[in-house]
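All remarks here apply to the structure that follows.
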Amino acid sequence: MFGNPGHNQFSDLDDVHEEAEESRELPTASWCSAGSAGAAREAASTLITEAQRHLGGSGERWMGRGLGRHASLIAIVVLAFVLLRVETSEAETVLAGGLPQAPKVSAAGQVVAWSAFDPSVSAWRLMVLSDGVAQELPIAPSATPFDVDLGDNAHGGLVATYSRCSQPSSARALPRGCRLFVYEFATATEQPIAAANLPGYSQFLPSMAAGRVAFVRIAEGEPVSSANPPRIYVQSLAGGKPRLLAGGTEDGNPRTGPTALELSATALAFSWEAWGTATALYPNGTAELRVDGLSGGQTVVDLQQQEEIEGIEDLSPTLLSGAVVYGVAKEGDETEYQFRSFGLPSARRGVAVAPAGLASTATGAAGTIYSRCSGPLSAVPSSSPPCEVVLAPSVVYVDPDRQVAQSSRPTTISVYRGNWLAFSAYQPASKTYRLMVRAPNGTVSAAPVAPREVPFDVELGPRVGDGEEANRYGVLAVYSRCRVEPRLDPRDLLPLPGTGRGCRLYSYELGSAHERLIPGSGSRYLPSVWGDQLAFAMSGPGGRPALYLGSISGRSAPRELAGGPPGSAPGLGPRALALYNGRVAFVWEYRSGTMLHSQLRLDGPGGQARLLDEASSPDGTDRELSPSFTAAGLLAWARRDAGGHSWMLALGRSGRIATYLAPDPIQAISSPQLGSEPPLHGTIYYARGDDHGGATIRLMAGPPALATQG
């Protein structure tokens, strides 16, 4: 009998073995190890022929109605498909083939589920596989593939949930007359989910976990529209009022809505499609993968724009411990199929190539099950339906974000125009850091400047010529070098800039032969440049830190800017600084009482520094990081908290701050080509800690995951 999703056993194994022993003509499973693809095909052909003979000679009723004898023959056919697969991939198992369409699949622990077509009744049977044995569940068939989802009930027992509809879904219409059902494996019984089946409404796409069921609901008797859209609900199995959850992008199109749900004890993942004009950014609609935290907040894991000649679909998410995995199908002018993973909350992405025609996928301890179609149904003879269900023991994901550089120690980064990159690289032999530059062609080289004992506080910006060079433009790197270098922060091994002494500022024009000293007095650090403008921090009387804005040529005297609050601990104050056309953004740290506060501020008119974000913790693990301006002058920065979460934040033109999940542990970001409003897109570089105490610098492959508030 089935118990919990992690450990399940079938009670009919003896029936299967006895059936095989009764017929001496049936080949044995030892043929699977024959080592010959030809022998495998011959064995598969014999198995199917014998199965047809036992079922009436023509192959009709190859799917039995219940357990016992018919279940064993189903297992024989499954074995035949396994043998047919040997030639192409011994690692994968074909669970069902020759299907007229690709069914939804599901996985939980060691069990996987799918629908198999029974031509004798022109209907679909619900199948499961556990411990290598396939079995048809003893329930009535369905005119369409089951929208099955494996989960658990209020007591942790394995269940399968699905809907039964009087009017099945079609390419242009949602199903109607649908009620939700649950199959309890422990008792081998099916029953309606009474708490969720509301009269006058149609419920479908159920998913059950921890005493709750999630589903989609529409009102009967009226068309699907903006007044009657498909809504996602979560209902306690004990009864009470269901909770309405936020969905995806709404546009009033009757085809817009969720396409798959996956519920866990703490979250709901769902795929969503918006048809037609969703927003000005998405005139042709969207394909979306979102995760609702149930207790509040939603993460937009994946949001892709539909094209006029290209369709994209995010497929059937599975919530695992620390990640959500799903599929992506892109068809049209460009065709691409992928398995994808996204860490929760690490925000680390993974991709793997998926087979062509991917339609549904799910992942559990048994492996990754997927359904696919080898080509358009209309182009394939009816005698050879093109769809199948396959179980792969594992999927190897790779990071889609391209690594462009690395350092054996943590580093900050700076990017200009989306293609010039500066960072620090530790040299173990000399125990110093070199200033490294990555050019637009991808080459990385050390700048011809003296090394430092700590990472460079480097910032890149435009150089504007004057005099005879008035029409000359270039890229400048500005940084400091100190007589007494600043201490390293034990939290991240990056400099505490206010602890340096005798610091002077330098500039290096990328591609030139040497650096230049920037004139000025006082101990100055954290420089940032924009044309002739130069912003920096300087230690004043008594070591009090202050911010200034002046000129790199020295033509204008520095003007003091409003900083952050004073604190009781020495060496704090400004930690990072960025300049864009007279605007200065900075991170300011100060201690008050037992709390260390980290603030992200933006210098504004009237000498005021606007507070945009603040993180506070006793040990300073909650902190703001690396502000940078985009090419349009918009502001982005990073944040880390004590819970091991990393974030990216962006200030749009509207004044609204958007929050995104960032790959953890984030050290720095630089995003000069982000859009003016969410969702972010364009060129995003980031430095992330690696497993060896260093940093990898990567170029993000796509938009970051947007975290919305509940």
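What is the sum of charges around residue 495, taking Lys and Arg as +1, Asp and Glu as -1, for the other residues whose C-beta is under 11 Å from the C-beta of residue 495? It would help to have the intermediate numbers written out before the result.
On the way: positive: 452, 487, 575; negative: 453, 457, 485, 489, 492.
Combined, the nearby Lys, Arg, Asp and Glu give -2.
With unit charges on the beta carbon (Lys/Arg positive, Asp/Glu negative), name the residue among 161, 200, 185 whose Cα is farthest towards the positive pole of the charge dipole of segment 145-230.
About the Cα centre, the residue reaching furthest to the positive side is 200.
Report, in debye and to the nearest 20, how large the dipole of segment 336-456 comes out about its Cα centre when Lys and Arg carry +1 and Asp and Glu carry -1 on their Cβ.
Values: 11 positive and 5 negative charges, 114 e Å.
Roughly 540 debye, rounded to the nearest 20.
Answer rounded, prolate or oblate for segment 430-559, using the Cα gyration tensor with square roots of eigenvalues a ≥ b ≥ c: rounded when a/c is under 1.5, else prolate when a/b is larger than b/c, else oblate. Spell out each step's value before the answer.
Values: a/c = 2.19, a/b = 1.15, b/c = 1.91.
It comes out oblate by the Cα gyration axes.
So if the hydrodynamic radius of segment 201-309 is defined as the Kirkwood radius over C-alpha pairs, what does Stokes-Einstein give as its diffusion coefficient at 25 °C and 0.890 mPa s, in µm² per second?
Values: Rh = 14.4 Å.
Value of D from the Cα-based Kirkwood radius: 170 µm²/s.
About its Cα centre, what dipole magnitude does segment 538-637 give when the only charges are +1 on Lys and Arg Cβ and -1 on Asp and Glu Cβ, stated in debye to the nearest 20? Don't skip to the end; give the middle numbers.
Numbers: 9 positive and 8 negative charges, 75 e Å.
That gives segment 538-637 a dipole magnitude of about 360 debye.
For the charge dipole of segment 225-330, defined by +1 on Lys and Arg C-beta atoms and -1 on Asp and Glu C-beta atoms about the Cα centroid, which residue among 228, 286, 309 has the Cα displaced farthest towards the positive pole?
Checked the options; the winner is 228.
I'd like to check one number: the per residue accessible area of segment 191-340, probe 1.4 Å, reported in Å² as a whole number.
Working: 5820 Å² over 150 residues.
Heavy-atom SASA per residue in segment 191-340 reads 39 Å².
Round to a whole number: what % of the accessible area of segment 186-315 belongs to carbon and sulfur, probe 1.4 Å? Intermediate results must be reported in sequence, preceding the final value.
Details: 2720 of 5110 Å².
So the carbon and sulfur contribution to the accessible surface is 53 percent.
Quick one: dipole size for segment 201-267, taken about the Cα centre, charges +1 on Lys/Arg Cβ and -1 on Asp/Glu Cβ, in debye to the nearest 20. Mind dumping the intermediate values first?
Numbers: 6 positive and 5 negative charges, 50 e Å.
In total the dipole reaches around 240 debye.
Summarise the accessible area of segment 390-505 (1.4 Å probe, protein heavy atoms) by the percent that is carbon and sulfur. Walk me through the intermediate numbers first.
On the way: 2690 of 5310 Å².
Its accessible area is 51 percent carbon and sulfur atoms.
Quick one: accessible area per residue over segment 570-620, 1.4 Å probe, rounded to a whole number of Å²?
Roughly 39 Å² per residue, with all protein chains present.
Check cross-link reach from residue 330 to the lysines: straight Cα distance under 26 Å, and skip same-chain residues fewer than eight apart.
104
Lys and Arg at +1, Asp and Glu at -1: add these up for the other residues within a Cβ distance under 11 Å of residue 274 and post the number. Could the numbers behind the result be given before it?
On the way: positive: 255; negative: 250, 251, 273, 288.
Here the charged neighbours net out to -3.
Label segment 474-539 by shape, choosing from rounded, prolate and oblate, from the square roots a ≥ b ≥ c of the eigenvalues of the Cα gyration tensor; if a/c is under 1.5 it is rounded, and otherwise prolate applies when a/b is larger than b/c, oblate when it is not. Please report the intermediate quantities before stating the final value.
Numbers: a/c = 1.97, a/b = 1.62, b/c = 1.21.
Taking the square roots of the gyration eigenvalues as a ≥ b ≥ c, segment 474-539 is prolate.
Which of 592, 633, 602 sits farthest toward the positive end of the charge dipole of segment 592-649, with +1 on the Cβ of Lys and Arg and -1 on the Cβ of Asp and Glu?
633
Net charge around residue 246, counting only other residues with Cβ within less than 14 Å of its Cβ (Lys, Arg = +1; Asp, Glu = -1)? Mind dumping the intermediate values first?
Working: positive: 231, 243, 290; negative: 250, 288, 292.
Net local charge, residue 246 excluded: 0.
The values are calculated or read from the model by the stated rules, or taken from the named source; none is laboratory data. These numbers come from a predicted model, not from an experiment. We place every Cβ from the backbone using ideal geometry, glycine too, and count neighbours over all the protein chains shown. Quick note on the areas: whole protein, heavy atoms, side chains included, nothing else; ligands and nucleic acids left out. Shrake-Rupley method; radii C 1.70, N 1.55, O 1.52, S 1.80 Å.
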